[in-house]
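So the structure is just underneath, and the comments pick up after that.
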Amino acid sequence: MTQDSSETTDEMFDAREHYERMALGERLMELRAEHGFTLTELSKRTGISISFLSHVEKGRGDISVTRLRRIIEAYGLDVVDLFPPRNTEPDVVRASELRPAPDIDGVHVYLLTAAPGRTIQPLLVEWELGATMEYHPDDGEELVHMLQGTLTIELATGETLVVKRGDSVYLARNTARQYTNTGNSRARNLSILVPAKRPPHRGTT
């Protein structure tokens, strides 16, 4: 690869990362407005500084999965609520219409329904090399079916599961776990979630 082509590739990745940060920031700002939270109140609920929250909402910085979950859960929501709402019936999603959530630490999540809020949440998940993500105990039930690569799932009980292409695993509610792409290539899986019900949180008016 020539130096020019390498620089062009780097610029493309930089542009994508910038777009994803901006998209995530705009969505987080929308959710905060919808729930009537000020930055001060959100900071108190999450333990994240006002300056950092503002920085992320403006698309000027990255955020870890742990901090992102603290923000989402302050609203009583789940990760799929990062997708902008789009209600259609019947619910058909063409291959060309897959909508990614903002990239989170090398984990790319695509919603396989036209709108969030369904009883089940089918997701296509792609993992960069070494990418990892935690699921909290109250995230609900999940069925994972591997399409490509290898995932290692570490349970809070101390048990470790290694799943590869063609494997499926059912994970019950209240099973804390961490997923890591431990293979030598990108991993892809189909994830069917039955989310736990959470009461809505409202900010002060």
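The values are calculated or read from the model by the stated rules, or taken from the named source; none is laboratory data. Note that the coordinates shown come from a computational prediction; the quantities given were computed from them, not determined experimentally. Using ideal geometry, Cβ is built from the backbone for each residue, glycine included, and neighbour counts are taken over all protein chains shown.
Here is the figure for the stretch 64-81: residues that are modelled with pLDDT of 70 or more, among the hydrophobic types (A, V, I, L, M, F, W, C) and under 9 Å from the mean Cα position of the chain (by Cα) total 1.
All of Gly140, Gly106 fail the test of being touching a Pro at 6+ places or on another chain (Cβ under 9 Å), closer than 22 Å to Arg70 by Cβ and either modelled with pLDDT under 80 or of a type in the set (Gly, Ala, Ser) (or both), apart from Gly140.
For residues in the stretch 161-187 being among the hydroxyl-bearing types (Ser, Thr, Tyr) and surrounded by 13 or more Cβ atoms within 10 Å (Cβ to Cβ), which is farthest from Glu126 (Cα to Cα)? Top of the filtered list is Thr175.
Within the stretch 32-63, the set of residues being of a type outside the set (Lys, Arg), farther than 30 Å from Thr119 by Cβ and either under 18 Å from the mean Cα position of the chain (by Cα) or not in a helix (DSSP H, G or I) (or both) comprises Thr38, Gly47, Ile48, Ser49, Leu53, Val56, Glu57, Gly59, Gly61, Asp62.
The set of residues from the stretch 8-57 being of a type in the set (Gly, Ala, Ser) and either at pLDDT 90 or above or exposed (fewer than 12 other Cβ atoms within 10 Å of the Cβ) (or both) comprises Ala15, Ala33, Gly36, Ser43, Gly47, Ser49, Ser51, Ser54.
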